[in-house]
Every structure is written in C-alpha cells, then in structure tokens.
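For reference, the structure is listed below as structure tokens.
Where a number appears in this text, it was derived from the coordinates with a stated rule and is not lab data. All of these numbers come straight from a predicted model, not from anything done at the bench. When we count neighbours, we look across all protein chains shown, and the Cβ atoms used for this are built from the backbone with ideal geometry, even at glycine.
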Amino acid sequence: ILRAVLDAGDDGMTEDEFGLRIVKALGFTAGNKEARIHWLLDPEAGAVVREDAQRSLAKVLGHRLWTDLRRGWRYTNPSLSVLKLIDVAFIGLDEVAEDSERLAAILPDIATLGISQRKEMLKTILGAMLDGLAVGTEALDLTVLDSVAQKSRNLLRTPWSIDAKETPRSRTTLFLQAPGKDRVGLREEQTMVRAGHNSRIGRLINRRSVIGTKLGKDDYLTVLTSLMELLAREGLVSRVDVDAELQGWRLSPSAVRIIPGEAIRVGT
C-alpha cells in the first residue's frame, strides 16, 4: 500500500486507482510470469483467467486499503495512517473552508475562525466518517463483498484471497441522531457511527477551539445537520435515508485521496 501511495506522488491515489496501483506495486500483474506463483491459485492458468484474477486481487486490495484507514491502534499491526506514513486529502474541502458567507449562515462563530481552522474543523468531521468506515463505497458493501470473497478464493492464493472464515468489515453510516443503545442490537450497533451531542465525535467537534463556541444539544444538531448538508451539496458526503425518521450520512469515496503522510514528507 505504501509503495503504491509513494508511486502516485503528491497527487495521491483516488478510489478508482486503489486496487490496481497496489497490484502494480506488488508486481502481481497478469503479465508478470515470474510472480504468478506467489498470488495465483493456478500459476498455469490461461490469459483470460489471469486477467480475471488480477481484477479480483485489485478488488480485495481496495477493500484492504479502506479497512486500514479505520480508527484504532493495533499493536501487532498498526495502520499506515496511525504511523503517519499515509494521509488523506479531501477533494473540495478547501473551497468549503474558504466560503465564509455560507459558513456564517450556518453559525457566525465559524466564520470568525481562520480558514485553516475551518478546514481542520471540517476535516475532523470527514475524518471521523473515514475512521468509522462511514463511506459509500462498494469496496465496503457486504452484498458486493460476498461475491468478491468467493471469487477471490477460486482464483487467488492465501493470503491474497478473503478467507471463508473471515468476516469482512463493512461500511457504516454516521448518525447525528441515532436510536439509544438500549434499542439496537450489537449487530446493528456495529453499522452505526454515532456523532450526536454526547458522542466521542460530538465532544471532539463541540469545542470553542474547534467551532468558535460551545453549543447546546439542539443547536448542535441544527448546526451539524447544516454542515453536513453543505458538504453534501459540494459532493463530499451523501445522505442515507434509513427510514422516514432516521437519516444518516456517508463520505463520498470520490472525495478521498490518499497521499504520503507526515512521516514521509518530513523525511524527504
């Protein structure tokens, strides 16, 4: 993954490039005869099967990249983002942060912040969605992943396939208002990223140092909903209507660009 990001340079990798760039960084392309034994289940397979296997591998690796961006330090296998080897840039974020008029209409205190502070505030929201995998990508859609996993086992060697015993991580949805934890089961809870007034994300955002003031519960919901709607108009997020009374949000995968992280930039 890191090699693919470095090869992409300062422009970074967009979602449609994730899988194929990592495949090329590994050298596991259909045309690389010497490497076939390392990733193809049948190294002697014909050209059509090899191309199919390469596409399958690209989808698996695209899924792996998204899951590497999720929140949490894993001592045995820390993510590249935690190690600051890769970072995320959000396309269009600068334009939103510079739009004082629209931000002031949502909350005047935000407009009094410097542009860099506004950008950091918006990046905190989008970063929380990415951390929790609240992303509208097929690479995290379980209905798609089931067929990707099955095909990978038919074409790819371990560990490049998705094992039958593995439960692939799936996309979630960010909610500003979510049912109480006593009203949802564990499985349903795992599909939610809570961003209400009292949530971890809410406490990160609802600070004078972040939004220029501290909001009460009702004002927080109004302001955050308006910010999400602004981001949706710019194409950075999309609204998810779960039912008539429950709406959530997902990050648009096309807004995400993976770039070299601080540890790489400082070292170069």
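Stretching Ala105 away from Lys181 to a fully extended chain increases their span by 24.0 nm, per 0.36 nm per residue minus the current alpha-carbon distance.
Directionally averaged projected area (the chain, Cα convex hull): 16.2 nm². Expressed as a whole percent, the proportion of Cα-Cα pairs in the stretch 195-266 lying more than 14 Å apart is 70%. Convex hull volume of the C-alpha atoms in the stretch 33-146, normalised per residue: 173 Å³. What the Cβ-Cβ distance of Thr167 and Gln247 gives, at R0 = 30 Å and to the nearest 0.05, is a FRET efficiency of 0.65.
From the square roots a ≥ b ≥ c of the eigenvalues of the alpha-carbon gyration tensor of the stretch 96-175, which class results: rounded (a/c under 1.5), prolate (a/b over b/c), or oblate? Prolate is the answer for the stretch 96-175, as a/c is 1.5 or above and a/b outweighs b/c.
Between Val82 and Ser147, residue separation times 0.36 nm minus the direct Cα-Cα distance comes to 20.4 nm.
Rounded to the nearest 500, the 222 nm mean residue ellipticity of the chain from helices alone is -13500 deg cm²/dmol, with -39,500 (n - 2.57) taken per DSSP H run of at least 4 residues.
Restricting the calculation to Cα atoms, the stretch 148-253 yields a radius of gyration followed by a Dmax of 18.0, 55 Å.
Rounded to the nearest Hz, the phi-derived 3J(HN,Hα) couplings of the stretch 46-57 under the Karplus curve 6.51 cos²θ - 1.76 cosθ + 1.60 (θ = phi - 60°) are x, 4, 5, 5, 5, 5, 5, 5, 5, 5, 4, 4, where x marks glycine and proline. Stretching the chain fully between Glu189 and Asp218 yields a gain of 8.1 nm (0.36 nm per residue, less the alpha carbon separation).
Cα centroids of the stretch 191-223 and the stretch 34-60: 47 Å apart. The lysine pair count for the stretch 112-268, using Cα distances under 23 Å and pairs eight or more places apart or on different chains, is 5.
Scattering from the C-alpha atoms of the stretch 1-99 alone, worked out with Debye: what is log10 I(q)/I(0) at q = 0.25 1/Å? Cα-only, vacuum Debye calculation for the stretch 1-99: -1.27.
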